[in-house]
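Below is one structure; the comments refer to it alone.
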C-alpha cells in the first residue's frame, strides 16, 4: 500500500468535495436571487421592468464567471497539494 498515494487521494477527494459544495452554494444563491428578482418584477409596475433588468446583476454570464473562478481555484489547490506532496516521504508504521 502506497501511503503517499493514499494521502494524496484523500486530500484530492476532500478538496474536490469542498469545491463542489461551493458550486452548490453558488447555484443556490443564484436561484434565490432569481426568485426574489422575479417577485420584484412581478409586483412593480411594468414601466420599472427595464430598471429591474438593469439591476439584476446575477445573470447567467455572472454565474459562469463565478463558477469558472471556483473551478480554477479548486484545480490550483489540487495542483499545489500534489506539488507539495513531492517534498515528503510518507509510510505506514505497524
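Bear in mind that the values in this text are calculations on the coordinates, not laboratory data. What you are looking at is a predicted structure, and each value in this text was computed from that prediction instead of being measured. Cβ coordinates were reconstructed from backbone atoms using ideal geometry, including for glycine residues, and neighbour counts include every protein chain displayed.
Key figures for this structure:
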item: Selection within region 1-35 - surrounded by 13 or more Cβ atoms within 10 Å (Cβ to Cβ), in contact (Cβ under 8 Å) with a residue 40 or more places away in the chain and more than 12 Å from the chain's Cα centre (by Cα); result: 3, 4, 7, 8, 11, 12
item: Counted residues, region 1-26 - those being under 26 Å from residue 65 (Cβ atoms) and in contact with a helix residue (DSSP H, G or I) (Cβ under 9 Å, 6 or more places away or on another chain); result: 9
item: Boolean, residue 68 is under 30 Å from residue 7 (Cβ atoms) and exposed (fewer than 12 other Cβ atoms within 10 Å of the Cβ); result: yes
